[in-house]
Structures are given as structure tokens and as C-alpha cells.
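Visitor: Got a structure here, written out as C-alpha cells. Questions coming.
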Amino acid sequence: MIEVNNLSFEIDGKQILENINIRIDKNKIFGIIGPNGVGKTTLLRCLTGIYKGTSGNVFYDGQDVYDNIDVKNKIGYVADENIMQTNFKVSEILKYYKYSYKNFDEKKFNELNKIFKVQTNKYIFQLSKGMKMRLSIMLAFSIHAKYLILDEPTSGLDAILKNKLLKIFADEVFENGITIIISSHHLNELERICDDVAILDKGIVTYENSVENMKNKIKKIQVAFDEPVYEEDLKLKGIFRISRVGRVFTIITDEYDEEFIKSLEKFKPLFIEEIDLSLEDIFIYKVDKEDNDEKIFK
């Protein structure tokens, strides 16, 4: 289990992360999503022990990750940008990993490379962004890490490789019992593979739930009433956005259940239409709560 306890991080007096508390169970895929510049990469670097929090701790099975070689040997990290020496050949990077990680498995690397097709005789600077990402992913898998921390791992990959990679993630969790923490702007991909998701906004975790619960509880409802009803009348539990066009109200709630429907039915609706939301829809409604389209396009 990974436990993030009251983690805060600041640089030059600027607060990047504030009082983060997360629990990530073993054998799970945990997604971290949020707008650009809200601290996702910083949080991942704290999770890897690259950064030490200004306050708080990150524990892996009860052990602090920072400055802990034993814990870090269990972590595979894929950064969102190349962090390897560009004047090294891929084959030299492999030698470095053999010396650095006692569980490095060159056979597994070669098996993965049948899919990702990175030429080992090339220098890092000769590789495209997508090829560098492929290499980083293969290296992370090849150390037999118990935990994989991935920052935009599908960046630069084509659609076919993305699909294969997502399947590899799911297989690794199921077959080898690893835990994956992944940050990505490709929310349709996370929706396919994640068990749980946390939304990070302005350095704070503003929402956390399982993907299944999110999709069951967060709904868009369209409803029209026979008698006059106004927005101020609909102060129902869980509604965090409401708009109206004519007699039709569009409601976004994160407390959708039988009790919520019964509360609406007190107003004698002509119809109630439930609309399922994707993870991307949920993210937009949770983070961008203001409907500014009319102001923008006037």
C-alpha cells in the first residue's frame, strides 16, 4: 500500500502541493488527473522520492520513500520528458540498468522490444519523443518493479501502440500483482484501465473515488416540470451545476440515487432523463464549474 500523509510541497515560497492525503491499495491502477500546472508532476516526483515534501510523508508498505534505496528499488518511474543521458546508446543504457537494478531482466526487455521496436544501437539523441517514451516504459517494466509511476506514458505513441500498452498495464496488474500510478491528459484511456481516480486542482486533491462509483453517482439529468419551478427551488443535495432553457433544466449531481430521484419527483416532473457521463465529462464538470461559453463567444 502507498500512503500519502499530509503532504505539502513548496518552492521559493510558492505552494505547489497542499495537504495531500491519498491511499493506494496494492494491485490497483490509480489515476491522477487535473489541469496543466496544478502539481501533478510534482506529486509524482514526491511519490518516487525524487522530491522531499516540505511537510508530510510518502510511505510504501510503512517505509518512507525519501532517501530509501530499498523502497526505490521497487519503483519504476517513467517521466513525461527524457531524463536519460542523450549521448549514450540504448545498449549502454541497458548496461547501466543491469548494474543499478538487481532485478533487471534483459529477457523481458527484449520481449517487450518485439512490440515497441527500439533500435538498441542508436544514441538517445537519435530517438524521437515517442521512441524515448517506449524505451522508458520498457526499462520500467524490466526491473520487475512492484510499483510503476507513470507521467503521460502514452505521449508520442500512435493509437496501435497505445492500445497495446494499456493492455500490458492491465496484464501486469492482474498477472504480477503490481500497482500503477498514472497521470495523463488522455482521460478516455484512464477510464478504460483505472480502478480509482483523484482530481488534483491548484495543488489540492478536490475529489477522489473509484471510476465505477464516479460513473454511478455523477450524472447529468434533464428534467422538465408541469408546474412553475425555479433554480432556487432545486437546492437538492449533490447538485453542483444547474442550468435552464425554457422549461427544461439540466442538472449535474454527484449524489445520484433513488433518494435524489424521489426529491425531484416531489416537483411533479413531466420527464426525467438520465445521461451517463464519461470520465472526461466528469473532470470538466468538477474542475470547470462555471459555464462561460456565452461570455467567450459574445
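The values are calculated or read from the model by the stated rules, or taken from the named source; none is laboratory data. Since the model is a prediction, treat every value here as computed from it, not as a measurement. For neighbour counting, all protein chains shown are included, and Cβ atoms are generated from backbone atoms with ideal geometry for every residue, glycine included. Accessible surface areas use protein heavy atoms only, side chains included; no ligands, DNA or RNA. Shrake-Rupley method; radii C 1.70, N 1.55, O 1.52, S 1.80 Å.
Visitor: Among Leu44, Ile261, Leu139, whose Cα projects farthest towards the positive end of the dipole of the chain, with charges put on the beta-carbon of Lys, Arg (+1) and Asp, Glu (-1)?
Guide: Final value for the positive-end residue is Leu139.
Visitor: Would you mind checking the range 215-239 for residues with the amide N under 12 Å from a putative spin-label position 7 Å along Cα→C-beta of Asp281?
Guide: 215-222
Visitor: With a 1.4 Å probe and all protein chains kept in place, how much accessible area does Glu18 have, in Å² rounded to the nearest 10?
Guide: 90
Visitor: Follow-up. Any lysines with Cα under 21 Å of the Lys215 Cα? List them, leaving off those in the same chain fewer than 8 positions away.
Guide: Reachable lysines: Lys28, Lys237, Lys262, Lys286, Lys289.
Visitor: Of Glu152, Glu273, which has the most accessible area with a 1.4 Å probe, and how do the rest follow in descending order?
Guide: The ranking, largest first, comes out as Glu273, Glu152.
Visitor: Of the chymotrypsin sites (Phe, Trp or Tyr not before Pro) in the range 210-259, which ones lie in a loop per DSSP and count no more than 11 other C-beta atoms within 10 Å?
Guide: Tyr230
Visitor: Please list, or write none, the lysines whose alpha carbon is within less than 18 Å of the alpha carbon of Lys26, excluding same-chain residues fewer than 8 places away.
Guide: Candidates past the 8-residue exclusion: Lys72, Lys74, Lys146.
Visitor: Alpha carbon centre of the range 108-126 versus the range 1-72: separation in Å?
Guide: 31
Visitor: Let me ask something else. At 1.4 Å probe radius, can you tell me the per residue accessible area of the range 218-275 in Å²? Before the final figure, lay out the partial values.
Guide: Values: 3530 Å² over 58 residues.
Here the per-residue accessible area is 61 Å².
Visitor: The chain: D in µm²/s via Stokes-Einstein (Kirkwood Rh, Cα pairs, 4 °C, 1.567 mPa s)?
Guide: 60
Visitor: Then there's this: By how many nm would the segment from Asp25 to Lys262 grow when fully extended, if each residue of separation counts as 0.36 nm and the alpha-carbon distance is taken off?
Guide: Stretched fully, the Asp25-Lys262 segment lengthens by 81.8 nm.
Visitor: Here's another thing I want to ask about it. Could you please report the charge total around Phe271, scoring K, R as +1 and D, E as -1 over all other residues with beta-carbon less than 12 angstrom from its beta-carbon?
Guide: Within the 12 Å Cβ shell, the charges total -2.
Visitor: Also, I was wondering about something else. Summing +1 for each Lys or Arg and -1 for each Asp or Glu, what net charge is found among the other residues whose Cβ lies under 15 Å from the Cβ of Asp25?
Guide: On the way: positive: Arg23, Lys26, Lys28, Lys146; negative: Glu3, Asp61, Asp195, Asp196, Glu208, Glu212.
Surrounding charge for Asp25 is -2.
Visitor: With all protein chains present and a 1.4 Å probe, how do Lys95, Lys108 order by accessible area, largest first?
Guide: On the way: Lys95 120, Lys108 35 Å².
The residues order as Lys95, Lys108, largest area first.
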